[in-house]
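Any read-out appearing in this document is the output of simple, stated calculations on the displayed coordinates, not a laboratory observation. Treat the numbers as computed from the prediction; the structure is a model and nothing was measured. Please note: Cβ atoms are built from the backbone with ideal geometry, for glycine as well, and neighbour counts cover all protein chains shown.
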Amino acid sequence: MSPPAYSRVLLKLSGEALMGDQGYGVDPAVVTRIADEVAEIRDIGVQVAIVIGGGNIFRGMAGSARGMDRATADYMGMLATVMNGLALQDGLEHHGVPTRVLTAIEMRSVAEPFIRRRAIRHLEKGRVVVFAAGTGNPYFTTDTAAALRAMEVKADVILKATKVDGIYTADPKQDPSATRYDRITYLQVLEQGLKVMDATAISLCMDNKMPIVVLDLNERGNMRRAIMGEHVGSLVTV
Ligand code: UDP
């Protein structure tokens with residue numbers, strides 16, 4: 001078997017990815033499935049860091065739309081990601097995968113604080129690292145946290161796992177003539193306003209030449225195939 005194309009990956013999972021068909025919260029069956037796939041990737045010797053979202057529980061924008069102070073609502077959103085992080089850790093450890101949750105907002109009795117060198121050390125020791133609480137700052141998203149943490153831990157690639165199998169010229173649900181990009185540049189994504197990751201995250205990746213693979217989380221084995229160097233989904237690069 002040829003070696004993996006990437007040795008350290010940053011997986012971005014949205015909060016919605018964890019809720020399955022429930023419409024809210026965390027579906028244990030989905031967590032189990034994701035944990036199973038992450039365990040498989042780790043078994044081939046790939047180091048895995050995960051940035052987890054919180055949209056299945058709370059989004060700052062939704063709170064501020066209902067009159068809350070935006071920063072306060074964003075802190076609630078970040079706390080939601082910590083809950084998801086713990087759920088993911090639980091699922092992974094049930095699969096025998098040693099996992100550490102590192103949070104950008106300190107809460108020492110729940111999770112370790114984010115310390116960059118410690119995160120790298122965990123990865124080197126074969127532990128899966130789950131980054132929670134986004135960047136720790138309001139007005140950001142967990143996509144931006146994914147870009148930031150990928151750079152900080154020197155990941156080779158960001159795997160953005162979504163509900164669609166890549167980036168399309170338009171929303172394929174609304175426009176049946178939409179086609180999928182196999183490869184696209186950061187600038188094209190920004191200029192065309194494609195909803196891959198938010199503009200801050202894309203710009204950060206562009207400035208630091210961090211490749212992004214957008215793939216369908218629901219198709220089993222996709223993450224492993226992408227890591228082994230198969231073309232899966234859409235690749236965003238220079
Ligand atoms: N959030 C934040 N700063 C960050 C990351 C997240 O304020 O660095 C808040 C923001 O309110 C966001 C919520 O946490 O709406 C949940 O994150 P996100 O919407 O990125 O989750 P996802 O869409 O990936 O589930």
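Annotations for the structure displayed:
- Residue-averaged [θ]222 nm for the chain, counting only DSSP H segments that reach four residues, each worth -39500 (n - 2.57): -11500 deg cm²/dmol
- Pairwise FRET efficiency - residue 43 versus residue 110, Cβ, R0 = 22 Å, nearest 0.05: 0.20
- Hydrodynamic radius of the chain by the Kirkwood approach over all distinct alpha-carbon pairs: 17.8 Å.
- The packing ranking of peptides 220-230, 41-51, highest mean first, is 41-51, 220-230, where packing means the average number of other beta carbon atoms within 10 angstrom of each residue.
- Fewest-first ranking of 190, 204, 217, using other Cβ atoms within 10 Å as the exposure measure: 190, 204, 217
- Within a Gaussian network of the chain (alpha carbon springs, distance under 10 Å), most fluctuating of 177, 64, 109: 109
- Note on residue 21 and residue 207: the model spin-label points, each 7 Å out from Cα along the C-beta direction, lie 4.3 nm apart.
- Rel. contact order, % - alpha carbon contacts under 8 angstrom, at least six apart, the stretch 175-238: 44
- Within the stretch 1-87: Cβ-based charge dipole about Cα centre, in debye rounded to nearest 20 (Lys, Arg +1; Asp, Glu -1): 300
- FRET efficiency, 1/(1 + (r/R0)^6) with R0 35 Å, evaluated for residue 66 and residue 177 via beta carbons: 0.40
- In whole percents, the pair-distance distribution calculated for the stretch 1-74 from its alpha-carbon pairs, binned every 10 Å from zero, is 18, 34, 27, 15, 5, 1.
- Within the stretch 91-238: Cβ-based charge dipole about Cα centre, in debye rounded to nearest 20 (Lys, Arg +1; Asp, Glu -1): 600
- Selection from 196, 181, 233 lying farthest towards where the dipole of the stretch 158-238 points positive, charges on Cβ: 233
- Relative contact order of the chain, defined on C-alpha pairs under 8 angstrom at six or more residues apart (%): 22
- Segments 159-167, 128-136 sorted - mean Cβ within 10 Å per residue, highest first: 128-136, 159-167
- Net charge dipole, the stretch 180-238: roughly 180 debye, given to the nearest 20, about the Cα centre with Cβ charges of +1 for Lys and Arg and -1 for Asp and Glu.
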